[in-house]
Amino acid sequence: MVASAPMNPSAPSAPPAGPTRSASNPAGIVSLIGGILVVLLSILSQGVNLLVPLVSYRYDMNPAHLVLLTAVPIVLVALVTVVVGIIGIVQRDRPRGAAIAGTAIGAAHLAVIVGGWTLNLILSAILR
């Protein structure tokens, strides 16, 4: 017969239940996917913008309108990415890494695009 260790009834068998962290953050994941989509759309936009002179000449269009058409979808996706990312960041007991990354990517793209538009407007007003 094998002797077993005596049981100590005063020792707790399991730690007390406290708040548990969820393993996923759907808003953070959506924000990260949106950030990746913003980067891919920006790369695609740069390729399309190379064709702007040809298209504007061939169809007698203003080149600024064509460039604006490629930037608007990026701005919309970046705005959604930032909003969903902020929602993912403020949720309690959820991992925040993906939400922070998606929000940072979206906010950086918004800053660059809006800054570029602002600089363009300032320079066009000065050079007139």
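Things to note:
- Screening the range 1-53 for residues that are surrounded by fewer than 11 Cβ atoms within 10 Å (Cβ to Cβ), modelled with pLDDT of 70 or more and not polar (S, T, N, Q) and picking the one that is nearest to the chain's Cα centre (by Cα) gives ILE43.
- Test result for VAL90, modelled with pLDDT of 95 or more, loosely packed, with under 15 Cβ neighbours inside 10 Å and aliphatic (A, V, I, L, M): yes
- Taking (1) in a loop (DSSP other than H, G, I, E, B); (2) among the aliphatic types (A, V, I, L, M); (3) surrounded by fewer than 13 Cβ atoms within 10 Å (Cβ to Cβ) in turn, MET61 satisfies each apart from (3).
- Here is the figure for the range 71-99: residues that are within 20 Å of SER42 (Cβ to Cβ) and in contact with a Gly (Cβ under 8 Å, 6 or more places away or on another chain) total 9.
- Hey, ALA71 at pLDDT below 95, surrounded by 10 or more Cβ atoms within 10 Å (Cβ to Cβ) and either in contact with a Cys (Cβ under 7 Å, 6 or more places away or on another chain) or hydrophobic (A, V, I, L, M, F, W, C) (or both) or not: yes
The values are calculated or read from the model by the stated rules, or taken from the named source; none is laboratory data. Because the structure is a prediction, the values reported are computed rather than measured. Here Cβ is always computed from backbone atoms with ideal geometry, including for glycine, and neighbour counts include all displayed protein chains.
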